[in-house]
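Shown next, in C-alpha cells, is the structure this report addresses.
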Amino acid sequence: MAQTLPASTPYGATETRRPRIGILALQGDVREHANALREVGAEPIEVRLPRDLIGLDGLILPGGESTTMRRLIDLYGLREPIVALAKGGAPLYGTCAGMILLANRLADGEEPVLRLLDITVERNAYGRQLDSFEADLDIPSLGDEPLHGVFIRAPVVSDVGPDVEVLARDPDGRPIAVRQGRVMATAFHPELTGDRRLHRLLLELIQP
Ligand code: GLN
C-alpha cells in the first residue's frame, strides 16, 4: 500500500515517516495511549483485526480487563499475528491488563495469552485498600525525575526470568516496570499522566 504524505507537510517528500504504533483497540484505555503517541511524534493506529497489524513499527496493549481482551483476541484471531509481529522485532508495550496479556505465566493456573515476557503475574493482587493508588516511582534508566505511577487494580509481578530487566520496583521491592529485549510492560498507566518517557522509550526500541 502506498504511503501518502499529509498534504500540508512543509518538507514535501523529504520528511521522514512518523513511526506507526498500533494500539490494541478491543477494549480499554485506547484514546489516552493515542494522545500520548501523538505527543511523542508517532502515528497511532487502532488495531481490531489482524490486517490492522500489517506494517506496524510497534504495538501497545492497553489497560482494561484482560479477561475481556483475551476473549476478543481469540475471537478476532489476533493471537498469532501479534506474536509474529513481536518475533519480527517490533517493540511491544503492555500497560496493566496489557502486561497480563504479555506474561509467560499467570498465577492461579490461568492460561497465559501471548507468552512474550518471562514474568509471572498475579491479577488484582495489590489488595483491597490498594485497589487504585498513585505513587512517585524511581526509574533510574529514565533519568532522575521520578515518574508518577497510576495503579488501577494492578497486577503484581511475582517472578521475573533471568533475561528480564527490572526498570522499577514498588516500595516492597516488587517489579512494576520490566523489559525483555523489545517487550516492555508496566503495572501502572503512564498514559494517564503527562509524562511521556515510557512512550518515548518504546519508540527508541524500534529497529533502525
Ligand atoms: N484488573 C485488570 C485485569 O486483571 C487490569 C486493570 C487495568 O488494566 N487497569 O485485567
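The values are calculated or read from the model by the stated rules, or taken from the named source; none is laboratory data. All values reported here derive from a predicted model rather than from experimental measurement. With ideal geometry, Cβ positions are generated from the backbone for all residues, glycine too; neighbour counts draw on all protein chains shown.
Inclusion of P162 among residues that are surrounded by 15 or more Cβ atoms within 10 Å (Cβ to Cβ), under 18 Å from T120 (Cβ atoms) and not polar (S, T, N, Q) is not warranted.
For the criterion of being of a type in the set (A, V, I, L, M), within 12 Å of the ligand (Cβ to nearest atom) and out of contact with any Cys (no Cβ under 7 Å at 6 or more places or on another chain), A168 fails. No other residue among L56, L75, L106, L49 is under 16 Å from A185 (Cα atoms), without any contact (Cβ under 8 Å) to a residue 40 or more places away in the chain, out of contact with any Leu (no Cβ under 6 Å at 6 or more places or on another chain) and not polar (S, T, N, Q) apart from L106. Check whether at least one residue in region 154-164 is part of a strand (DSSP E or B), away from the ligand (no atom under 16 Å from the Cβ) and modelled with pLDDT of 95 or more, and report yes or no. Looking for residues that are part of a strand (DSSP E or B), away from the ligand (no atom under 16 Å from the Cβ) and modelled with pLDDT of 95 or more, one finds at least one in region 154-164, hence yes.
For S132, the conditions (1) out of contact with any Leu (no Cβ under 7 Å at 6 or more places or on another chain); (2) closer than 24 Å to R105 by Cα; (3) of a type in the set (S, T, Y); (4) surrounded by 13 or more Cβ atoms within 10 Å (Cβ to Cβ) all hold with the exception of (4).
Residue-wise test of (1) surrounded by 21 or more Cβ atoms within 10 Å (Cβ to Cβ); (2) not acidic (D, E).
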position: A107; (1), (2): no, yes
position: E111; (1), (2): no, no
position: D144; (1), (2): no, no
position: I152; (1), (2): no, yes
position: V178; (1), (2): yes, yes
position: R182; (1), (2): no, yes
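For region 112-137, taking the residues that are of a type in the set (D, E) and over 17 Å from E191 (Cα atoms), the one that is nearest to the chain's Cα centre (by Cα) is identified as D118.
Checking the stated criteria, E80 turns out to be acidic (D, E) and under 21 Å from L24 (Cα atoms).
How about region 17-79: which strands (runs of 3 or more DSSP E) wholly inside it have at least 1 residues that are more than 16 Å from the ligand (Cβ to nearest atom), within 16 Å of the chain's Cα centre (by Cα) and small (G, A, S)? Counting at least 1 such residues, we get 20-24, 58-61. Looking at R123, is it under 30 Å from G77 (Cα atoms), among the charged types (D, E, K, R) and either within 16 Å of the ligand (Cβ to nearest atom) or surrounded by fewer than 16 Cβ atoms within 10 Å (Cβ to Cβ) (or both)? Criteria met by R123. The residues listed here are D195, D170; of these, the one that is surrounded by 17 or more Cβ atoms within 10 Å (Cβ to Cβ), under 17 Å from the mean Cα position of the chain (by Cα) and not hydrophobic (A, V, I, L, M, F, W, C) is D195. G109: at pLDDT below 95, over 20 Å from E204 (Cα atoms) and over 14 Å from the mean Cα position of the chain (by Cα), yes or no? For G109, the condition - at pLDDT below 95, over 20 Å from E204 (Cα atoms) and over 14 Å from the mean Cα position of the chain (by Cα) - is met.
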